[in-house]
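Q: Take this structure first; my questions come after.
The values are calculated or read from the model by the stated rules, or taken from the named source; none is laboratory data. A quick note: this is a predicted structure, and the numbers were derived from the prediction, not measured. All Cβ positions, even for glycine, are placed from backbone atoms using ideal geometry, and neighbour counts span all protein chains on display.
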Ligand code: MSP
């Protein structure tokens with residue numbers, strides 16, 4: 001069986017997991033499950049990076065022995081990964097005995113052959129990023145990456161001859177254009193190598209919590225040198241299994257640690273005479289309101305609480321909540337670039353893609369099998385040939401997307417199939433076929449739905465393992481590798497279930513409650529706590545008809561001038577253009593916006609509101625703004641439009 005070996009970065013043990021850090025292990029899990037769907041035997045490793053000064057300090061602050069501290073923290077990471085359905089083969093800890101041995105063996109080998117030598121280091125060190133820095137790297141005297149204070153270090157260390165590998169690395173990059181992806185990261189690293197590489201310090205004399213240098217117990221191995229080697233540990237370095245497993249097919253890492261993986265690690269492997277990894281993919285960051293989610297910024301989203309909130313408010317069970325989160329993380333953005341977390345988008349994806357599109361398709365299909373069972377009893381349940389080619393070619397395209405780690409594109413294509421089937425129901429009008437007794441046509445319709453859902457159930461498996469198995473169980477069709485999907489019917493074996501609600505729809509009031517809960521959580525995590533916004537009103541939503549809605553004429557307007565209305569801090573007078581018309585609007589947004597910020601912006605206005613006088617000024621319309629608690633945001637079109645555009 002063909003093998004596939006992939007790894008995530010290993011996580012600093014003293015950080016609490018957040019949505020950003022777990023997004024990486026979820027993406028890796030999607031790849032691992034996808035590779036299994038191709039029929040490969042997968043070795044998938046993740047784990048924790050446990051040595052270093054900051055870990056020692058964190059344990060000390062809690063007055064715990066460092067071994068106890070790291071063991072408990074590693075358990076917490078592992079527990080979360082299990083909760084997120086991460087199908088890792090090995091959770092490696094850098095305190096594992098086999099890892100310590102591999103690190104010491106490699107250090108010794110490189111020393112024996114002269115690639116590691118004793119020298120003295122004088123310079124800066126960032127404890128958070130565990131990185132040696134040059135004076136010229138610092139920004140305002142601080143770490144260029146995390147912005148925290150740096151330490152001055154002057155000690156005798158062992159150095160690795162990185163400079164020796166500069167030419168070999170460049171040649172490697174030239175011969176392997178796909179070595180580091182996306183290509184912008186490849187180009188960055190080539191530029192760094194071309195700029196010249198210096199030898200790096202790979203031991204510390206002042207850090208006790210580390211792996212001792214085998215021939216000099218006064219020194220411990222530099223935490224990055226130790227951590228990178230985890231990949232060789234999981235492959236069984238030193239055992240007979242190693243040759244079969246090495247090299248990794250994929251190192252999945254974040255864009256902040258490309259130099260370690262794309263320069264130092266390959267040079268170490270060259271020194272050790274080992275093959276280099278086949279591919280390093282550096283993803284972007286999950287941001288919160290435009291900034292990298294990170295503990296030090298206090299803007300992290302806690303994945304555990306997010307799952308708990310989803311479960312509680314939507315009344316779904318844990319594995320479905322986990323799958324919904326995995327779907328959101330995989331579907332938003334282009335993998336490799338930064339993405340901003342938004343709980344609104346998460347819920348929108350839940351309601352539209354999951355509940356409306358996929359959930360409804362399954363439920364409607366099962367309902368029809370229940371209802372029309374007798375009519376189609378003697379007709380063959382065979383899918384219509386016409387759609388077979390579309391499904392087959394989509395599987396090929398989706399494989400290409402997943403091979404390129406473009407999960408969002410792969411899922412988008414999967415949803416093209418979902419919506420092709422939804423549209424087919426509208427076009428075929430099975431209720432009419434049933435009414436006129438067209439049994440064969442109805443059976444072909446249902447056979448197409450069933451076979452299509454069988455494809456879709458298997459296609460969503462890497463991203464949503466539970467949803468996949470529930471869907472396939474409901475239609476009574478097997479989980480298979482993608483190459484064995486064939487466009488043919490199940491014979492006369494019909495699904496037994498007549499209804500399955502995979503995802504209940506989220507109602508608007510639940511949405512409000514969810515957002516409030518999320519906001520409270522963010523507030524609690526943030527560096528400057530604020531009062532939580534008021535609880536949403538418990539009043540039931542009053543429904544309106546589409547005709548009521550159409551009475552409101554919404555249009556895009558451009559703000560040409562803005563000024564405060566005298567003697568009030570709340571009102572701003574706006575001069576707006578709505579197509580060919582000019583209007584004055586008085587808006588109660590003065591506590592949230594300065595007039596200067598507004599000029600040139602596009603907004604949405606209610607164009608057919610009766611004029612009314614505010615502070616003596618006639619306001620000819622109203623603008624739309626969203627607010628929660630004491631925050632407010634004006635609504636604006638996502639891309640600039642000609643003003644006057646109608647909003648439907
Ligand atoms: N311990 C090192 C890695 C050693 S690998 C031999 C480390 N740890 S980390 O905990 O800081 O980061 C682990 C991974 O999580 C990195 O790939 C990093 O890019 C990723 N992320 C951390 N915050 C992130 C986001 N906000 N968004 C996406 N991924 C991010 O570095």
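Q: Name the pairs whose Cβ atoms lie under 9 Å apart, with the first residue in the stretch 41-65 and in a loop (DSSP other than H, G, I, E, B), the second surrounded by fewer than 23 Cβ atoms within 10 Å (Cβ to Cβ) and at pLDDT below 90, and 6 or more positions between them or separate chains?
A: 52/127; 52/130
Q: Sticking with this structure for a sec: Would you mention how many residues in the stretch 261-293 are within 11 Å of the ligand (Cβ to nearest atom) and either without any contact (Cβ under 8 Å) to a residue 12 or more places away in the chain or over 22 Å from the mean Cα position of the chain (by Cα) (or both)?
A: Residues flagged as within 11 Å of the ligand (Cβ to nearest atom) and either without any contact (Cβ under 8 Å) to a residue 12 or more places away in the chain or over 22 Å from the mean Cα position of the chain (by Cα) (or both) within the stretch 261-293 amount to 3.
Q: Considering only residues that are farther than 18 Å from residue 124 by Cβ and within 16 Å of the ligand (Cβ to nearest atom), which ones fall in the stretch 201-216?
A: The answer is 209, 210, 211.
Q: I'm told residue 68 meets every condition in (1) within 16 Å of the ligand (Cβ to nearest atom); (2) assigned to a helix (DSSP H, G or I) except one. Can you identify the failing condition by its number?
A: Condition (1) is where residue 68 drops out.
Q: Looking at this structure, is residue 297 within 22 Å of residue 26 (Cβ to Cβ), at pLDDT below 95 and out of contact with any helix residue (DSSP H, G or I) (no Cβ under 7 Å at 6 or more places or on another chain)?
A: In short, yes.
Yes/no matrix, rows are residues, columns are (1) modelled with pLDDT under 50; (2) assigned by TED's automatic domain parsing to the domain that holds residue 317; (3) closer than 23 Å to residue 289 by Cα:
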{"residue": "501", "(1), (2), (3)": "no, no, no"}
{"residue": "506", "(1), (2), (3)": "no, no, no"}
{"residue": "509", "(1), (2), (3)": "no, no, no"}
{"residue": "512", "(1), (2), (3)": "no, no, yes"}
{"residue": "518", "(1), (2), (3)": "no, no, yes"}
{"residue": "521", "(1), (2), (3)": "no, no, yes"}
{"residue": "531", "(1), (2), (3)": "yes, no, yes"}
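Q: So residue 263 ticks every box in (1) assigned to a loop (DSSP other than H, G, I, E, B); (2) within 30 Å of residue 197 (Cβ to Cβ) but one. Which box is left unticked?
A: Residue 263 satisfies every listed condition except (1).
Q: Could you check how many residues of the stretch 234-258 are more than 11 Å from the ligand (Cβ to nearest atom), outside any loop (DSSP other than H, G, I, E, B) and touching a helix residue (DSSP H, G or I) at 6+ places or on another chain (Cβ under 9 Å)?
A: Number satisfying all stated conditions: 4.
Q: In contact (Cβ under 8 Å) with a residue 12 or more places away in the chain, within 14 Å of the ligand (Cβ to nearest atom), assigned to a helix (DSSP H, G or I) and under 21 Å from residue 76 (Cα atoms): which single residue out of 330, 304, 296 fits that description?
A: 296
Q: If you don't mind, there's one more thing I want to ask. Confirm whether residue 135 is over 21 Å from residue 257 (Cβ atoms) and under 31 Å from the mean Cα position of the chain (by Cα).
A: no
Q: Which ones in the stretch 19-39 are within 14 Å of the ligand (Cβ to nearest atom) and either surrounded by fewer than 21 Cβ atoms within 10 Å (Cβ to Cβ) or modelled with pLDDT under 95 (or both)?
A: 19, 20, 21, 24
Q: Being touching a residue at least 60 places away in the same chain (Cβ under 8 Å) and under 26 Å from the mean Cα position of the chain (by Cα) is the filter; apply it to the stretch 217-228 and report the residue that is farthest from the ligand (Cβ to nearest atom).
A: 224
Q: Something else now. For the stretch 457-501, which residues satisfy the criterion of being under 24 Å from the mean Cα position of the chain (by Cα), under 20 Å from residue 370 (Cβ atoms) and surrounded by 22 or more Cβ atoms within 10 Å (Cβ to Cβ)?
A: Those that are under 24 Å from the mean Cα position of the chain (by Cα), under 20 Å from residue 370 (Cβ atoms) and surrounded by 22 or more Cβ atoms within 10 Å (Cβ to Cβ): 457, 471.
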